[in-house]
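See below for the structure under consideration.
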Amino acid sequence: MSAQEVNVAIIGGGLMGREIAAALQRWPALVDHPPRPRLTAVCDIVPAAMDWFDQIDTVTTKTTDYRDLLADPSIDVVYVAVRHDLHQVIYSDVVRAGKDLLAEKPFGIDGPAARAVLQAMADHPESFVRCSSEMPFYPGAQLAIAAVRAGGLGRIIEARSAFLHSSDLDADKPINWKRQVATCGEAGVMNDLGMHAWHVPLRLGWQPRQVYAVLQDIVPQRPGPDGALVRCDTWDNAVVHAWVGGDDDGFPLAVETKRLAPGEKNTWVFEVRGTEGGVRFSTKNAGALEVFRVVDVPGVGREQVWQTLDVGSQSSWPTVTGGIFETGFSDAILQMWAVFLAERAGALGDRFGAATPQEAAATHEIYAAALRSHAEGRRIAL
């Protein structure tokens, strides 16, 4: 089938900008995908940060002013990965320019910033906008989500969603913008990692009624540019205990976001247990999904069993990759872009979609309640 060509620009040539650029070069791995993206432009305020993109021959524009990209009529879609304090202005400008947008979380430094972007979207409904969140597009995650949606777990007893880093365990690691409220936001680690942990619960309709939060400031100072210690004023770890549903038929949901998680590297975890079964997936063992069942064992009776299912490579959109092969982070990013551009083209169907701006804005309401809960030492109703 012939694919519609979509010209993509990247604002922010750092780690995630390069990850996205690399994923787009693997587009032929997708089977019969309707659009075909071409990365044509990149912007970064540091010219040297764009040198990496010279190896991509479709990139014909490099600029230090993102407004140059917004004025270019040939650009269809813009991906933005910049500091949180820059989200509101840049995201709103992209939408006002009539471009479609895939934007990094947390979709604004706080609730008012997110709502300002939503207002820009309401004023310019022609722009298609989604928030970046790639972890649910691991094949095992997709199977876990499908199992919950199918209702075969019985009444849900409890659920957990977590994003666990170990990148800040070194107390001598120099401070950067993610460790300062002015640039990362008061929600700290929840702003930085929270969309990863909340995307699936919110998509499943698990909007919390109440939250009780435990926040930790574990490393209060880090070396600055000159080696002198600088106040590190963002929260390092956060655990939000939420109640989902009614008083009689609800369940507890634990959502963890941690930058200091010993034993982890970059781990996403999703687990649900019900009266008739359960599912458990972790990117640490990306090739497997654990499934819980209560079964009849001959000669023994009813027993509880955890079984491990090998999940292979196939996720939301089919690929040429052999089904028995295993998957990884770059594959999840490719799948996120596949569903983003498919939905933009009206071809997503019933597939699990990229995070919506409304879901991103809802996380800010949760973070604000979590901050208040920790400060006041009590449950907060939403």
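Annotations
- For ARG18, the stated conditions hold: it is of a type in the set (Lys, Arg), touching a helix residue (DSSP H, G or I) at 6+ places or on another chain (Cβ under 8 Å), assigned to a helix (DSSP H, G or I) and modelled with pLDDT of 95 or more.
- Residues of the stretch 133-180 satisfying the condition of being β-branched (Val, Ile, Thr) and in a loop (DSSP other than H, G, I, E, B): ILE175
- Positions within the stretch 30-69 being among the polar types (S, T, N, Q) and out of contact with any Asp or Glu (no Cβ under 9 Å at 6 or more places or on another chain), in sequence order: GLN55, THR58, THR60
- Which numbered condition ASP32 fails, given (1) surrounded by 12 or more Cβ atoms within 10 Å (Cβ to Cβ); (2) part of a loop (DSSP other than H, G, I, E, B): (1)
- Members of the stretch 157-208 that are among the acidic types (Asp, Glu), surrounded by 20 or more Cβ atoms within 10 Å (Cβ to Cβ) and closer than 20 Å to VAL82 by Cβ: ASP192
- Selection of the stretch 102-136 for residues being among the aromatic types (Phe, Trp, Tyr), under 28 Å from PHE281 (Cα atoms) and in contact with a Leu (Cβ under 8 Å, 6 or more places away or on another chain) yields an empty set.
- Candidates are the residues of the stretch 39-49 that are surrounded by 20 or more Cβ atoms within 10 Å (Cβ to Cβ) and out of contact with any Ser or Thr (no Cβ under 6 Å at 6 or more places or on another chain); the one that is nearest to LEU334 (Cα to Cα) is VAL42.
- Residue match in the stretch 58-77 (condition: within 21 Å of PHE329 (Cβ to Cβ), in a loop (DSSP other than H, G, I, E, B) and among the β-branched types (Val, Ile, Thr)): no
- Look at (1) in contact (Cβ under 8 Å) with a residue 24 or more places away in the chain; (2) outside any helix (DSSP H, G or I) and you find that MET121 fails only one, number (2).
- Of everything listed in (1) surrounded by 23 or more Cβ atoms within 10 Å (Cβ to Cβ); (2) assigned to a strand (DSSP E or B), the single unmet condition for ARG222 is (1).
- Between TRP52, TRP27, the distinction of being under 21 Å from ALA354 (Cβ atoms), of a type outside the set (Gly, Ala, Ser) and in contact with a Lys or Arg (Cβ under 7 Å, 6 or more places away or on another chain) belongs to TRP27 only.
The values are calculated or read from the model by the stated rules, or taken from the named source; none is laboratory data. All of these numbers come straight from a predicted model, not from anything done at the bench. Cβ atoms come from the backbone with ideal geometry, glycine included; neighbour counts cover every protein chain shown.
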